[in-house]
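A quick write-up on the structure given underneath.
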Amino acid sequence: MLSRIAESLFWIGRYVERADDTARILDVHVQMLSEDPWADEATACRSLLAIMDHPAGPGDREVNRDTVLRLLAHDRENPSSIAGSLLAARENARRAREIVSTDLWECLNTTRNTLPSHARRGPHEFFSWVRERAAVVAGLMESATPRDSTWHFMVLGQAIERADMTARLITTQARLGTGGPGWNTLLRSCGAYEAYLRTYRGRASDADAAGFLILDRLFPRSIVYALHAAERALRELEPVEGRHAVSDDARRALGIMRSELEFARLGDLLTDLPDTMERVQVACTRASGAIKHRYFPAVATTAWVEEAL
């Protein structure tokens, strides 16, 4: 497969997942501000922007919900925003048009074309629409894509982005503490609440909820599950491995992080949760850079296709 095609497939997976997860994070944030009249909106918004790598400067006096929605939901020039991610996913599908299925192409193209009308709706309605469109893309990937390198590159991008964004979602709660949305709200935003209750038989605690989103090996949106999925995709892309060590830098970064999480005691992870989640994000960034170096070295990409730092 040509490296430009492989890169486009990788970024389709990443950008669709980024739009989905950013919608989930913003939905939690907006809901928290709407339900808590005593919440410090400026502090909460500045914290969220920092977590999403858009820190507000000291001169930015007016930082509120509208600021967050403008930067992280509707900015079409920002590849980390919902709108920017959906546009970028469609553009990458156009570049890989000879590889992606017609159904997937039409889904992403329709999403791009109907984005302006849905963006004018209320935040919750817009976020729900984004999640539905991401679910359609995921379903088409699952049902209409051969399990060859096409599939593995898209799943690889999706899994790395999911691990990174779940870490960011957890960080919003860890940093805001009692002023945050609460672990039950975070579970619901990930579609994990019912699965969590079944796993723990109705017993609820903040520690168990955090552990479920970080460590559960069976829930697709947990960090450990996503890291495992990324490692599996990398093994399938290059199944022959040396006898002495892992030569793939991306697998090494993800595997070390996954092992650190799996073999740590939950109490130790929760002691400094923001720092742990930051290490997850660093591992994902390193893996993404290693994947680009190994599989896409000859592709001259435009700035907006690059991973936002």
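Ligands, DNA and RNA are left out, and with a 1.4 angstrom probe the accessible area of the chain is 46 Å² per residue. Think of segment 3-297 as having a plus end and a minus end, set by charges on the Cβ of Lys, Arg, Asp and Glu; of I214, S8, P146, P146 sits farthest toward the positive end of this dipole. Cut-off 10 angstrom, C-alpha nodes, Gaussian network model of the chain. Which of V240, V63, V28 fluctuates the most? Among V240, V63, V28, the largest mean-square fluctuation in the Gaussian network model of the chain belongs to V240.
May I ask for the net charge around L186, where only other residues with Cβ less than 13 Å from the Cβ of L186 are counted and Lys, Arg are +1 while Asp, Glu are -1? Here the charged neighbours net out to +1.
Across segment 8-89, the mean sequence separation of Cα contacts (distance under 8 Å, 6 or more residues apart), normalised by length, yields a relative contact order of 39 percent.
How many percent of the accessible area of segment 3-297 is carbon or sulfur, using a 1.4 Å probe? Can you show the working numbers first?
Values: 6550 of 13340 Å².
Here carbon and sulfur together make up 49 percent of the probe-accessible area.
From the mean inverse distance of alpha carbon pairs (Kirkwood) and the Cα radius of gyration, derive Rg over Rh for segment 26-156. Numbers along the way, then the final one.
Working: Rg = 17.1 Å, Rh = 16.3 Å.
Here the Rg-to-Rh quotient is 1.05.
Under unit Cβ charges (Lys, Arg +1; Asp, Glu -1), what dipole magnitude, rounded to 20 debye, does the chain have relative to its Cα centre? Provide the component values of the computation, followed by the final result.
Values: 39 positive and 43 negative charges, 103 e Å.
Here the size comes out at about 500 debye.
Please work out the ratio of the alpha-carbon Rg of segment 3-297 to 2.2 N^0.38 Å and round it to two decimals.
0.98
Charged side chains reduced to their Cβ positions (Lys and Arg at +1, Asp and Glu at -1) give segment 1-153 a dipole of some 500 debye around its Cα centre. Helical content alone sets the calculated 222 nm signal of the chain at -23000 deg cm²/dmol, taking -39,500 (n - 2.57) per DSSP H segment of four or more residues and averaging over every residue.
The values are calculated or read from the model by the stated rules, or taken from the named source; none is laboratory data. The shown structure was predicted, so the numbers you read here are calculated from the model rather than taken from an experiment. Reconstructed Cβ throughout: ideal geometry from the backbone, glycine too, with neighbour counts over all protein chains shown. Areas reflect the complete protein model, heavy atoms only, side chains present, ligands, DNA and RNA absent. Shrake-Rupley method; radii C 1.70, N 1.55, O 1.52, S 1.80 Å.
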